[in-house]
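Novice: The structure under discussion is supplied below as structure tokens; questions concerning it will follow.
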Amino acid sequence: MTTVSTKSFRIFVSLVLVLLAARAIAVTQTVRRSFSLNIALQHDTVKVGEPVVIQIEKKNISNHDIGSWSVGGGDEHGEYAGFPPIVRDAKGKEPPLTKWGRVVFGRQTAADNGASLDLNAVVRGHLHPGEISKSKITLTGMYDLSVPGKYTVQVRHGDDENNDEVKSNVLTFTVLPKE
């Protein structure tokens, strides 16, 4: 009887050790983000033809400096700095892209006459722990938002340290018909 209980105890201890090791591996494999993304709309309701502008904040949430791209001369054109927006209509479909949007997303057509991005305007810098970089994107410059309705927007940005992609919060905005 003692042999059976000792054997059972050893199996139990072995099982507990295996479970603890598996948990430790899972914890070490959890992706630790080096930054967070947050977006805000200048206006959540606009009329057809009015600009829809989002403001982007990238915050270093690590304990060390991280790389960050910005556009020389100001915080406009966050799409240049690696923040491609994801816009969807109420049915979950992407609205048509403008010529600029097709260039940004690399979906040029023959009619775009070989237009391309001029990445000379992009500057690499650093964000210190807790520091925030700000950028803007005029969505109506990239998307044809001439159809009234509700839309959602989110931005994404690659996290080089984790070889992963970070997504922002999702916002909803409404495009109203012109009067």
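Novice: Stretched out fully, how many nm does the piece from T109 to K93 gain, at 0.36 nm a residue minus the Cα gap?
Specialist: Roughly 3.8 nm would be gained on extension.
Novice: Taking K47 as the anchor, which lysines have their alpha carbon closer than 22 Å to its alpha carbon, excluding any fewer than eight residues away along the same chain?
Specialist: Hits, sequence-local ones excluded: K91, K93, K99, K136, K150, K178.
Novice: Note down the nm distance, to one decimal, between modelled labels 7 Å out along Cα→Cβ at I132 and at K59.
Specialist: Using points 7 Å along Cα→Cβ, the separation is 0.7 nm.
Each value in this text was obtained by applying a stated rule to the coordinates, not by laboratory testing. Here the structure is a predicted model, which is why all the values come from computation and not from measurement. Heads up, the Cβs are rebuilt from the backbone with ideal geometry, glycines too, and the neighbour counts pull from every protein chain shown.
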